[in-house]
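Take a look at the structure below.
The values are calculated or read from the model by the stated rules, or taken from the named source; none is laboratory data. Quick caveat: nothing in here was measured; it's all calculated off a predicted structure. Neighbour counts run over all protein chains shown; Cβ positions are idealised from the backbone, glycine included.
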Amino acid sequence: MSRIGKAAIPVPGNVTVTLDEATNVVTVKGPKGTLEQPISRLLSLKQEEGKLFVERPNNLREARSQHGLARTLINNMVEGVTKGHSKSLDIVGIGYRAQLTGKNLQLNMGYSHPVLMSAPEGITFEIQADEKARTQKIVVSGINKQMVGQVAADIRKVRKPEPYKGKGIRYTGEVVKTKAGKRATKK
């Protein structure tokens with residue numbers, strides 16, 4: 001039995017989880033919004049006393065492989081509609097900066113032009129400045145964990161951390177291994 005799949009999903013009182021039997025789409029409604037996710041037809045949901053269980057009727061290989069995934073996806077949806085998800089990125093480098101223009105994010109990353117990133121539906125950007133370290137932090141937040149991660153990856157892709165000085169956009173807490181530069185050789 002899948003260790004992740006058999007764990008119960010705690011469902012708060014202000015969240016409703018429904019499964020459409022015809023299409024096998026799970027819908028989670030909460031205070032922050034509504035999310036939908038299709039799951040495998042080999043799985044079923046059982047709800048009791050504020051907890052939700054993902055069950056599989058048989059031990060087929062495909063059912064076992066989908067069991068833990070479905071439980072994690074539904075748990076992320078419940079967490080998203082109650083608390084929300086966020087991912088933060090640090091901008092490291094002199095002259096590199098970000099600013100909000102409406103709902104969009106404008107990045108000045110050393111190119112000849114500013115890069116404009118538009119916020120998809122349900123995603124918000126926030127910029128926090130750390131005066132002591134002279135860095136900026138971009139916080140991407142929303143209710144869909146997959147979309148938050150994808151938008152953060154797209155922002156990081158604008159200027160990945162380079163390996164010699166470590167300048168660029170990196171996830172908060174990411175360790176960038178730096179390489180040694182050129183050295184003068186003795187004759």
Query raised in the report: Can you name the residue in the range 74-87 that is in contact with an Asp or Glu (Cβ under 9 Å, 6 or more places away or on another chain) and outside any helix (DSSP H, G or I) and, of all such residues, is surrounded by the fewest Cβ atoms within 10 Å (Cβ to Cβ)?
Result: Ser86
**Report entry** Filtered residues of the range 88-105 (kept if over 19 Å from Lys167 (Cα atoms) and in a loop (DSSP other than H, G, I, E, B))
**Finding:** Gly102, Lys103
Requested in this report: Return a yes/no flag: does the range 70-89 have any residue that is among the hydroxyl-bearing types (Ser, Thr, Tyr), in contact with a Phe, Trp or Tyr (Cβ under 9 Å, 6 or more places away or on another chain) and under 30 Å from Leu107 (Cα atoms).
Outcome: yes
Query - Check on Gln106, surrounded by fewer than 20 Cβ atoms within 10 Å (Cβ to Cβ) and either more than 30 Å from Ile127 (Cα to Cα) or not aliphatic (A, V, I, L, M) (or both) - result: yes
Query raised in the report: Just a yes or no: is a residue in the range 122-142 over 18 Å from Gly173 (Cβ atoms) and touching a helix residue (DSSP H, G or I) at 6+ places or on another chain (Cβ under 6 Å)?
Result: yes
Query raised in the report: Is the range 22-42 home to any residue that is in contact (Cβ under 8 Å) with a residue 24 or more places away in the chain, charged (D, E, K, R) and loosely packed, with under 14 Cβ neighbours inside 10 Å?
Result: no
Report task. Output the number of the condition that Ile127 fails; it satisfies all remaining conditions of (1) assigned to a helix (DSSP H, G or I); (2) without any contact (Cβ under 8 Å) to a residue 60 or more places away in the chain. Result -> (1)
Requested in this report: Give the residue that is farthest from the chain's Cα centre (by Cα), with candidates limited to residues of the range 11-53 that are among the β-branched types (Val, Ile, Thr) and not in a strand (DSSP E or B).
Outcome: Thr23
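Condition check ((1) more than 15 Å from Arg97 (Cα to Cα); (2) assigned by TED's automatic domain parsing to the domain that holds Met109; (3) touching a residue at least 24 places away in the same chain (Cβ under 8 Å)) across all residues:
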| site | (1), (2), (3) |
| --- | --- |
| Gln136 | no, yes, yes |
| Ser141 | yes, yes, yes |
| Gln150 | yes, yes, no |
| Arg159 | no, yes, yes |
| Pro163 | yes, yes, no |
| Lys167 | no, yes, yes |
| Lys179 | yes, no, no |
| Lys182 | yes, no, no |
Report summary line: Those residues of the range 165-185 which are part of a loop (DSSP other than H, G, I, E, B) and under 19 Å from the mean Cα position of the chain (by Cα) amount to Thr172, Gly173, Glu174, Val175
Query raised in the report: In this structure, is Arg56 surrounded by 13 or more Cβ atoms within 10 Å (Cβ to Cβ), touching a residue at least 12 places away in the same chain (Cβ under 8 Å), basic (Lys, Arg) and over 30 Å from Val158 (Cα atoms)?
Result: yes
Requested in this report: Kindly indicate whether Val115 is outside the structural domain of Gln37 (by TED's automatic domain parsing), touching a helix residue (DSSP H, G or I) at 6+ places or on another chain (Cβ under 9 Å) and either among the aliphatic types (A, V, I, L, M) or modelled with pLDDT of 90 or more (or both).
Outcome: yes
Query - Tally of residues being surrounded by 17 or more Cβ atoms within 10 Å (Cβ to Cβ) and within 15 Å of Lys87 (Cα to Cα) across the range 152-169 - result: 4
